[in-house]
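Written below as structure tokens is the structure these notes are about.
The values are calculated or read from the model by the stated rules, or taken from the named source; none is laboratory data. Quantities reported herein were computed from a predicted structural model and do not represent experimental measurements. Note that each Cβ is placed from the backbone with ideal geometry, even for glycine, and that neighbours are counted across all protein chains shown. Protein only, heavy atoms only, side chains kept; ligands, DNA and RNA dropped before computing areas. Shrake-Rupley method; radii C 1.70, N 1.55, O 1.52, S 1.80 Å.
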Amino acid sequence: MTDLPTLWFILTAAIFAIYFFLDGFDFGVGALQPFLARSEAERRAMIRTVGPFWAANEVWVILAAGVIFAAFPHWYGTLMTALYPEFTLILLALIGRGVAFEYRAEINHRRWRTFWDVTSFVTNLLPAFLWGAIMANMVRGLPIDASGRFDGSLLYSVNTFSVLGGLATLSLFVLHGATYLLLRLDDDDVLHGRARRAALIWGAVASALVLAFVYQGFIRTGLFGTFGLQEWLFPLAAAVNLGLIWLALTLGRDALAFAATGLTIVFSTATIFGSLYPNVLPSTLGDAYNLTVQNTASEPYTLRLLTWVGAAFLPLIIGYQAWNFYVFRQRIRAHDEKIPGGHD
Amino acid sequence: MNEILGFSTLDLSRFQFATTSIFHYFFVPFTVGFALIIAVLQTLAYRSRDPKLENLTRFFGHLFFINFAVGVVTGIVQEFQFGMNWQGFSNFVGNIFGIPLALEVLMAFFLESTFLGLWWFGKDRIPAWASLASIWIVAAGTTISAFWIIIANAWMQHPVGFELKDGRAVMTDAWAIVTNPKGLEWFAHIWAGSLTVAAFFVLAVSADHLRRRANVEAFRVSFRVALITALIGSGGVILAGHEQGQSAVRDQPMKYAAFSALWDTPEGNQMPESLVALPSNGARENRFELSVPYVGSFLAFNNFTEKAKGINDLQKEYEAKYGPGNYTPWVWPVYWSFRAMVGLGFLMLLVTLVYVWRWRQGKLDDPGRLYPLLLAMPLAPHLANFSGWIATEMGRQPWIVQGLLRTGDAVSQLNPMWVLLSLAAFWVVYLTLIGLDVFLLTRTARAGMHEPDVETPSVPAPDYVPEGARA
């Protein structure tokens, strides 16, 4: 492929898809924790399902940002300036979440743990919602002027479409977190049963919200207009998947359910980026001002270098991350947790 | 739209950048140096199969973990703010700056986050050699990360391997960027500085335990490892710093002149160096100055006959070259933070040498009267880093990319209100984090090696029970 900007646009989409897939279940587990875990042992078990993984999962978003910076610098600056409040909140949330993970267990005191549980809940919820809102705003377009700068009020990005997008990703991530728990918790555990119920409920919620978002996207933004003949492909795949999740849940096929929620996330991400192409950020002020894959891309020399580097390291990273998941593959039992006495 | 409380978006964005970088930098060098010390300790434990040393490794690993968490989360902000607050900068340098940033993620962040998890949680699931390899991989990852980010920063101070095209910098020679002499000097300086941060922390913790006669056999090992690290670190910082000063005279003469508060080019055929000065940007001279002859020439050129240009002459030169404008950085903070850095560097070397001497005397385990000094020393490298960044980043103003892009042209057009709000939010969160970090580090360090309060599942699952005792 000689069209390096397009290649890197696809890779950017893929990196986001991997990020949403991986950190999506972290967010979901964090958001579900207060509702599913009723004892300290159960809370610990839930945290332990993501304990060894969340940090490496989060690195995918750092990579996504780095790749946009290197491959599409103009997109990087405009997007982040335009959605400044959203990105600020995401950053604050990612800080809170990471620290909550690490510090909760440092002191065995009830109020200390409760503080971090609350922090963790809020900071998992926020990015799950905000990523959807950001994606929705990217699809909807932003007022970008002739100089390629955002020319609008900073609350421009708060609208029903972006709120709907936020709620859709939030529900999808919660569902994904629930099916992840089905896979990671011991099936005999009472927690496992609760996770299954949560998955069924959130499966319904997510289906409704995703469909509403797709419908709104279709009438408001011509979301699938650029897909040509295949415009039905991605939403159809997403719909089939959501059906599959329900089937898998009712049949008790945990791995299938998790694969299906993961695929829904991947297809949704592909839909978003596919509908953007050949733009990266459409302008609401006129098509002439659209930021496109070609006009925001770095020079060929930079992109070639990035391609070599990516080709060398991405397979390696995927390899050792997979090995990491393999090392910690055992299912977790809440009743195995050792709860020390202490200041409870 | 353009100002809030008298601050412009540019002022606030600069303050935000300084905030993010400096807070982040409290944790990063610690991670870089500490991972290496722990890897050395674990290697000793692995070779000797001594359960005491294994415990020691886990103990310091726990402290590492507490600190690492904050380093990671503050680092994400560092990356995103280039786009959020510095849109002009992102556009201008993306072609070049993005590559080392992406390399840092690909070559370092994934390694660190994956293998640290394996090392800490997977201790009982992977063989001992794999555990040892994991901590060395983490140590390598932190060092690689430092390398790439310094290469990126060095390009801004000394742009190489590029050409200007449509008003932005475009890469023409990647190898020149990687081997930027400025970058290599800085990396040496930064890396040695990181060693001092971790070394003085480990020295303090070990000294405290030695003084309390707790686990003496283990902590005397960490004390010695840290002392050697401190020697390499504080010696290396000074040598690399000397090199850097000399390259600054060539590449960033204005910054060098500000370091020395040298307003006018010296008249004789040598350059004095001021010991104390009260620089004034308004008067464009020092209100007070105490100088030593010849020292300036030696510091800048390794001889006693050459002289550097003064700020006032450089200002005229720059006006002729880049058009009218103010090319003079704010001298007094640059001058004084530079001196603070240098002073603290020599203090660190001095303290290290005192203890090396005690080692030779065979009095290292003896809690002498100097031990309280070691407890305060972890502050010194942090303050030196802080001052160093202030000096080097303020010293290059008004340039964000030396000679190519001014800071004022790099900033995003944002409502200052939003920047102020985010700045306030980051301050609250960062101050909380620093407080928590120091509190938990102190608490965990003082508790020492023992069965922990909590058998934690999520993170610190510190299992200090020796391998042998378990069997």
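The mean number of Cβ atoms from other chains found within 10 Å of a Cβ in peptide A:85-92 is 6, as a whole number. One chain, two ends: B:V438 and B:A425. Fully extended at 0.36 nm per residue, the span grows by 2.7 nm beyond their Cα-Cα distance.
Between 0 and 90 degrees, the angle of helix B:128-157 with respect to the longest Cα principal axis of chain B falls at about 10 degrees. Straight-line cross-link reach from B:K363 at under 19 Å between alpha-carbon atoms covers these aspartates and glutamates, not counting any fewer than eight positions away in the same chain: B:D208, B:E217.
Could you check how much of the accessible area of the protein assembly as shown is carbon and sulfur, as a whole percent, using a 1.4 Å probe? Ligands and nucleic acids excluded, carbon and sulfur reach 66 percent. Cross-link reach is defined here as a Cα-Cα straight distance under 13 Å, omitting same-chain residues fewer than 8 places apart; for B:K307 the aspartates and glutamates meeting it are B:D264, B:E267, B:E273. Other protein chain C-beta atoms within 10 Å of residue C-beta, averaged over B:432-445: 2. Dipole of the range B:339-444 computed with +1 at Lys/Arg Cβ and -1 at Asp/Glu Cβ about the Cα centre; of B:Q413, B:Y355, B:A384, farthest Cα towards the positive end is B:Y355.
For chain A, the mean residue ellipticity at 222 nm estimated from helices alone is -25500 deg cm²/dmol, where every DSSP H run of n ≥ 4 contributes -39500 (n - 2.57) and the total is divided by all residues, rounded to the nearest 500.
Each part reduced to its alpha carbon centroid, the range A:23-59 and the range B:1-37 end up 30 Å apart. Neighbouring Cβ atoms from other chains, within 10 Å of the Cβ of residues in B:410-419, number 3 on average. Considering only GluC sites (Glu not before Pro) in DSSP loops that have at most 16 other Cβ atoms within 10 Å, the longest stretch of chain B without any of them is B:1-266. A:W60 contributes an accessible area of around 0 Å² to the protein surface, as traced by a 1.4 Å probe with all chains present. Projecting the Cα positions of A:A93, A:F35, A:I62 onto the charge dipole of the range A:35-99 (unit charges on Cβ atoms of Lys, Arg, Asp and Glu, taken about the Cα centre) puts A:F35 furthest along the positive direction. Highest mean packing comes first when the peptides B:293-305, A:182-194 are listed by Cβ atoms within 10 Å, giving A:182-194, B:293-305.
The phi-based Karplus calculation (6.51 cos²θ - 1.76 cosθ + 1.60; θ = phi - 60°) puts the 3J(HN,Hα) values of the range A:264-278 at 4, 5, 4, 5, 4, 5, 4, 4, 4, 6, x, 6, 6, 4, x Hz, whole numbers, x for Gly and Pro. Take the Cβ atoms of B:S48 and A:N159, set R0 to 56 Å, and the FRET efficiency comes out at 0.30. Centroid-to-centroid, using Cα positions, the range B:174-202 and the range A:65-101 are 27 Å apart. Note that the range A:1-62 presents 26 Å² accessible area per residue, ligands and nucleic acids not counted, probe 1.4 Å.
If packing is taken as the average number of other Cβ atoms within 10 Å across a peptide's residues, how do B:347-355, A:268-276 rank, most packed first? Kindly include the intermediate steps, with their values, before the conclusion.
Values: B:347-355: 18.6, A:268-276: 21.9.
For the peptides B:347-355, A:268-276, the packing ranking is A:268-276, B:347-355.
Each of A:N295, A:N279, B:F26 was scored by the projection of its Cα onto the charge dipole of the protein assembly as shown, and the greatest displacement toward the positive side belongs to B:F26; charges sit on the C-beta of Lys, Arg, Asp and Glu.
Give me the percent of DSSP beta bridges within the protein assembly as shown that run antiparallel, rounded to the nearest 5. Of those bridges, close to 85 percent are antiparallel.
Think of it as helices only: each DSSP H run of n ≥ 4 in chain B is worth -39500 (n - 2.57), and spread over all residues that comes to -24000 deg cm²/dmol at 222 nm. Gain on full extension, evaluated as 0.36 nm per residue between B:V216 and B:W359 minus their Cα-Cα distance, stands at 49.9 nm. Of interest is the spacing of the C-alpha centroids, which for the range B:353-410 and the range B:96-157 amounts to 23 Å. Using the Karplus relation 6.51 cos²θ - 1.76 cosθ + 1.60 with θ = phi - 60°, the per-residue 3J(HN,Hα) values for the range A:14-26 come to 5, 5, 4, 4, 4, 4, 5, 4, 7, 6, x, 6, 4 Hz, with x marking Gly and Pro.
With every protein chain in place and a 1.4 angstrom probe, the accessible-area ranking of B:F82, A:F267, largest first, reads A:F267, B:F82.
Computed about the Cα centre, the dipole magnitude for the range A:4-328 is approximately 520 debye when only Lys and Arg (+1) and Asp and Glu (-1) carry charge, each at its Cβ.
Only the Cβ atoms of Lys and Arg (+1) and of Asp and Glu (-1) were treated as charged; on that basis the dipole of the protein assembly as shown about its Cα centre amounts to roughly 1540 debye.
Would you mind checking the tilt of helix B:379-395 against the longest principal axis of the Cα atoms of chain B, expressed as 0 to 90 degrees and rounded to 10? In chain B, helix B:379-395 runs at an angle near 20 degrees to the longest axis.
Against the criterion of solvent-accessible heavy-atom surface with a 1.4 angstrom probe, B:Y335, B:Y322, A:Y215, B:Y25 sort, most first, into A:Y215, B:Y322, B:Y25, B:Y335.
With semi-axes defined as the square roots of five times the eigenvalues of the C-alpha gyration tensor, the equivalent ellipsoid of the range A:4-328 measures 33, 22, 20 Å, largest first.
With the contact rule set at Cα under 8 Å and sequence spacing of 6 or more, what percent relative contact order holds for the range A:4-328? Relative contact order here is 25 percent. Axis of helix A:73-82 versus longest Cα principal axis of chain A: the two differ by about 70°, to the nearest ten degrees. A simple spin-label model places pseudo-atoms 7 Å from Cα toward Cβ; at A:R197 and B:T305 they are separated by 9.0 nm. Rolling a 1.4 Å probe across all protein chains gives B:H24 an accessible area of roughly 30 Å². With each label modelled as a point 7 angstrom along the Cα→C-beta vector, the B:T265-B:R250 pair spans 1.9 nm.
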